[in-house]
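What follows is a short report on a single structure.
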Amino acid sequence: MGSVQKEEKKVSLKILNRDMMKYLAVFFMFWGHLIAWVTLYQNPDITTPYEIMPLWVRVIVHASLFCPPVMFFFITDGYKYTHERKKYAIRLLIFACITQPFDWLLFFPRYGLRSFNVIFTLFFGLLAIMAYESRLKLWLRIVMIVMCAAATFLMSADWEIFGVIVILFLHKYRDRPKARLISYAVIIGIWKGMEYFWELLGGTFGADKLLEGTLDLVFLFAAYFCMTTFYNGRKGKHPVFAKWFFYAFYPLHYLIIWAVAVSVKWG
């Protein structure tokens, strides 16, 4: 009886459909990105916006990290449920290319041309899953997966290397919740550990960096548990509109942030 009640409780928690999850993710992403970049445009001499932000504002900025894990989960969903996987991959690549000029509009003054948007990472993550599930020899599959991760590194795409790895392991352990959580925690732990290591070498690690890292972990794991606890696997009421809205919103949110940041700087 207890196991039945537990299963019923699990089902009752599945209250968010696909579109609800995506709307929630882009909400956090938009406001976090907006505040961070308005601050940077107003203070071009600082390296990060956190240096001059009160704690509650930092929380909002770091909340933008709720978005990437949600999108990584949906790449694995897309692979499983999309009948035309090649068309799905081509669509991701097209929108990554469409988004790129808007990405440069915002990031070029600080990072130059070696800054590519996260849709490229999603694209290579999907290719890595396709390679993993292919009938090619094991060594060739491994080479292709490594090439997908390396491509994001060479492009300096958002979540370079680690985005592809997270997507692949979310797919690999899709039906094994414990293994999926452990692999996710290990990958995120390595990512943050490497970041702390380089900061220690550079002498920049301190209380502020520790706070930033803690906030990162809070929202990265909040996204994970939201997807695994509250997401019910169903489409929203208007799936066609929602699909194209999310593709369009990503480049447009860069344009909006750039316009707001520039107007505040020169206002």
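Each reported figure results from applying straightforward, stated rules to the coordinates on display, with no laboratory input. Since the model is a prediction, treat every value here as computed from it, not as a measurement. Note: ideal-geometry Cβ built from the backbone for every residue, glycine included; neighbour counts use all protein chains shown.
Can you list which of the trypsin sites (Lys or Arg not before Pro) found in segment 170-267 are DSSP loop residues with at most 11 other C-beta atoms within 10 Å?
Lys237
Taking the number of Cβ atoms within 10 Å of each Cβ as an exposure proxy, the fewest-first ranking of Val118, Val59 is Val59, Val118. Computed packing ranks the peptides 41-51, 141-151 as 141-151, 41-51, most packed first, by mean other Cβ atoms within 10 Å. Just in segment 48-127: which trypsin sites (Lys or Arg not before Pro) are loop by DSSP and have at most 12 other Cβ atoms within 10 Å? Here the sparse-neighbourhood loop sites are Arg114.
Taking N as the number of residues in the chain, what is its alpha-carbon radius of gyration divided by 2.2 N^0.38 Å?
Values: Rg = 19.1 Å, N = 267, 2.2 N^0.38 = 18.4 Å.
That works out to 1.04 for the chain.
Gyration tensor analysis over the Cα atoms of segment 208-267 returns equivalent ellipsoid semi-axes of 28, 25, 6 Å (largest first, whole Å). Counted by Cβ distance under 11 Å from Phe246, the other residues give a net charge of +2, where Lys and Arg count +1 and Asp and Glu count -1.
Using the rule -39500 (n - 2.57) for each DSSP H run of four or more residues, divided by the residues of the chain, the 222 nm mean residue ellipticity is -26500 deg cm²/dmol. Looking at the square roots a ≥ b ≥ c of the eigenvalues of the Cα gyration tensor of segment 74-167, which shape do they give, rounded for a/c under 1.5, prolate if a/b is larger than b/c, or oblate? Because a/c hits 1.5 or more and a/b fails to exceed b/c, segment 74-167 counts as oblate. Taking other C-beta atoms within 10 angstrom as a stand-in for reagent exposure, Ser183, Ser156 fall in the order Ser156, Ser183, fewest first.
Amide H to amide H, with H built 1.01 Å from N, Ala157 comes under 5 Å of Phe116, counting only residues 5 or more places away or on other chains. The mean sequence distance of close C-alpha pairs (under 8 Å, at least 6 residues apart), as a share of the length of the chain, puts its relative contact order at 32 percent. With a cut-off of 12 Å between beta carbons, the residues surrounding Met53 carry a summed charge of -2, where Lys and Arg count +1 and Asp and Glu -1. Among Ser12, Ser134, the ranking by other beta carbons within 10 Å of each residue's beta carbon, starting with the fewest, stands as Ser12, Ser134. Helix 162-172 and the longest principal axis of the C-alpha atoms of the chain enclose an angle of approximately 10°. For segment 8-144, the calculated P(r) over all alpha carbon pairs, in 10 Å bins from 0 to the bin holding the longest distance, is 10, 29, 32, 21, 8, 1 percent. Tell me the net charge near Gly189. Cut-off is 12 Å between Cβ atoms, Gly189 excluded, with +1 for each Lys or Arg and -1 for each Asp or Glu. Result for the local shell: -1. Look at where the Cα atoms of segment 170-242 and of segment 58-107 average out, and the two centres are 15 Å apart.
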